[in-house]
Amino acid sequence: MELLCEWCGQAAEKGENTVYWELPDGTRAIQITETPAVACEDCKMVYQTDEIIKKIEDQLFLIDTKKIGKCISYEELMALPRLLKRNYFDFS
Ligand SMILES: [Zn+2]
């Protein structure tokens, strides 16, 4: 399936980038490296899909964020043990 850029509608590539994410409690922001992203050659946008955004948000809700340093890779973040089995705060 061809991946299309959400911004300009041109063909885009799967890539990864570093993102800055505010923790759910708003105390600080962390740096997440090697985050799956969509990269568009055409308009130069690099962005996370809604699916990835939701995965990160859910994970940050479910883990002990005090254990995260300033910087973590996406893979390491997703591998952290969850305190709850599911996100009870997700009413969507
Ligand atoms: Zn684009």
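A few points about this structure:
- Region 1-36, subset over 17 Å from Thr49 (Cβ atoms) and of a type in the set (S, T, N, Q), residue least open to solvent (accessible area, probe 1.4 Å): Thr33
- Considering region 38-50, and only residues there that are open to solvent by 80 Å² or more (accessible area, probe 1.4 Å) and in contact with a strand residue (DSSP E or B) (Cβ under 9 Å, 6 or more places away or on another chain), the residue that is farthest from the ligand (Cβ to nearest atom) turns out to be Glu41.
- Residue in region 70-92 that is free of Cβ contacts under 8 Å to residues at least 60 places away in the same chain, in contact with an Asp or Glu (Cβ under 7 Å, 6 or more places away or on another chain), open to solvent by less than 40 Å² (accessible area, probe 1.4 Å) and of a type in the set (Val, Ile, Thr) present: no
- Taking region 38-79 as the range and being of a type outside the set (Asp, Glu), part of a helix (DSSP H, G or I) and under 27 Å from Leu3 (Cβ atoms) as the test, the residues that pass are Ile52, Ile53, Lys54, Lys55, Ile56, Gln59, Leu60, Tyr74, Leu77, Met78, Ala79.
- Qualifying positions in region 1-37 - in a loop (DSSP other than H, G, I, E, B), within 11 Å of the ligand (Cβ to nearest atom) and either of a type outside the set (A, V, I, L, M) or touching a residue at least 40 places away in the same chain (Cβ under 8 Å) (or both): Cys5, Glu6, Trp7, Cys8, Gly9, Gln10
- Residues that are closer than 14 Å to Met78 by Cβ and either free of Cβ contacts under 8 Å to residues at least 12 places away in the same chain or of a type in the set (Gly, Ala, Ser) (or both), drawn from region 38-67: Glu51, Ile53, Lys54
The values are calculated or read from the model by the stated rules, or taken from the named source; none is laboratory data. Fair warning: this is a prediction, and the values are worked out from it, not measured in the lab. Virtual Cβ from ideal backbone geometry, glycine too; neighbours counted across all protein chains shown. Protein only, heavy atoms only, side chains kept; ligands, DNA and RNA dropped before computing areas. Shrake-Rupley method; radii C 1.70, N 1.55, O 1.52, S 1.80 Å.
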